[in-house]
Each structure stands twice: as structure tokens, then as C-alpha cells.
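Colleague: Input: one structure, supplied below.
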């Protein structure tokens with residue numbers, strides 16, 4: 001039995017983590033070994049995120065205080081909260097749940113204070129890294145310029161070819 005002080009401590013801890021987090025992921029787990037849970041905790045700590053297991057009732061209270069309605073969650077649930085890098089957290093949780101399909105499943109989450117389902121978390125995890133997105137954007141921006149330069153060079157080439165043919169006739 002958890003004392004009232006302990007519950008208040010858990011609520012204040014979860015509330016502080018949630019206020020800093022851009023992303024909160026609900027992960028269902030069954031028969032997850034302590035070693036695997038610690039492995040996930042370690043990986044999340046490296047990217048400034050936290051893995052917390054708490055009573056769903058207490059988590060619901062925290063979210064309600066922040067103006068977010070928590071969906072009904074079945075089974076044992078862990079709450080993973082991001083630090084600054086929400087996408088990195090989504091990628092890490094997705095990779096872990098994919099590797100440990102029998103033990104963990106992504107149930108859903110809260111992204112930027114809005115409730116999202118598991119497919120939204122999966123889509124977040126599949127967004128390419130920032131460098132790849134910038135390279136793709138540059139490729140899109142360079143395409144029209146490259147075509148324009150080809151057109152301009154083509155006219156110059158035709159002019160040079162026409163002048164050479166005239167010079168060859170004379």
C-alpha cells in the first residue's frame with residue numbers, strides 16, 4: 001500500500017517531467033525482464049528522457065491537471081517522457097518495442113499536449129534525421145535552378161554551333 005505522501009511525491013515528479021516533455025509515450029509491457037527495462041532506461045537517459053512506471057490513476061491525475069484527457073489504458077503501462085528531442089525518444093521507443101514485440105507495445109501518447117495514438121508515435125519515429133531532411137529540401141530547391149541553367153546553356157551551345165557551321169561554309 002502506497003502512503004499518501006508517496007503518492008503526492010509520485011504525482012509531483014510526474015508533473016515536473018510532463019511539463020518539460022514535448023512527448024510522452026505510453027508503453028504497455030508484459031513479462032519485461034528487469035535487464036531489458038534497465039537497458040531501455042539507459043538508452044533513454046542518454047537522450048535526456050525518462051522511463052517511469054506509475055499507477056495509471058496517478059498519471060491520469062497529472063494529465064488532468066495539465067488539461068489533457070488520458071485515454072483508457074489496459075495492463076501494465078510505463079510512461080516515457082522526452083527531454084528536448086521528442087523525435088529521438090520516439091525512434092528509441094519504436095526500435096525497442098520492435099525488437100521486443102512480445103514484451104512491449106506502444107499504446108499511444110501525448111505529443112505537444114495533445115493525445116495521439118500508437119500510429120502517430122510510429123510515424124514520428126519514422127521521420128528521417130534533420131540532416132537528411134535538409135538534403136532533400138536542398139535537392140528540391142536545386143532542381144528548378146539546374147533546369148534553368150541547362151536551358152540557358154542549351155541556347156548558348158546552339159548559338160556556338162550555328163556560328164561554327166556558318167564559319168565552316170565560308
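Colleague: Please compute, for the alpha-carbon atoms of the chain, the extent along each of the three principal axes and give them in descending order in Å.
Modeller: 106, 33, 26
Colleague: Against the longest principal axis of the chain, how steep is helix 86-99, in degrees 0 to 90 to the nearest 10, with axes from Cα atoms?
Modeller: Approximately 70 degrees, to the nearest 10.
Colleague: Quick check: pseudo-label points 7 Å beyond the Cα along Cα→Cβ at residue 161 and residue 142, how many nm apart are they?
Modeller: With each label placed 7 Å out from Cα toward Cβ, I get 2.7 nm.
Colleague: What whole number of Å gives the distance from the Cα centroid of segment 14-56 to the Cα centroid of segment 70-93?
Modeller: Computed from Cα coordinates, the inter-centre distance equals 7 Å.
Colleague: I need 12, 50 ordered by Cβ neighbour count within 10 Å, fewest first.
Modeller: On the way: 12 11, 50 19.
Ranked by crowding around the Cβ, least crowded first: 12, 50.
Colleague: Just want the ordering: 149, 1, from fewest to most Cβ atoms lying within 10 Å of their own Cβ.
Modeller: Working: 149 11, 1 3.
Ordered by Cβ neighbours within 10 Å, fewest first: 1, 149.
Colleague: Here is a further query. Can you tell me the 0 to 90 degree angle between the C-alpha axis of helix 56-65 and the longest principal axis of the chain, rounded to 10?
Modeller: 60 degrees
Colleague: Please report the Cα spread of segment 1-84 along all three principal axes, rounded to whole Å, starting with the longest.
Modeller: So the three principal-axis extents are 31, 31, 25 Å.
Colleague: To test your reading of the geometry: what angle, between 0 and 90 degrees and rounded to tens, separates the Cα axis of helix 34-46 from the longest principal axis of the chain?
Modeller: Result, in degrees: 50.
Colleague: Here's another thing I want to ask about it. According to the square roots a ≥ b ≥ c of the eigenvalues of the Cα gyration tensor, what is the shape class of segment 130-170, taking rounded for a/c under 1.5, prolate for a/b larger than b/c otherwise, and oblate for the remainder?
Modeller: Values: a/c = 10.58, a/b = 5.94, b/c = 1.78.
Judged from the Cα gyration tensor, segment 130-170 comes out prolate (a/c at least 1.5, a/b above b/c).
Rule-based calculations on the coordinates, nothing more; no lab input. Given the structure is predicted, the values throughout are model-derived calculations rather than measurements. Heads up, the Cβs are rebuilt from the backbone with ideal geometry, glycines too, and the neighbour counts pull from every protein chain shown.
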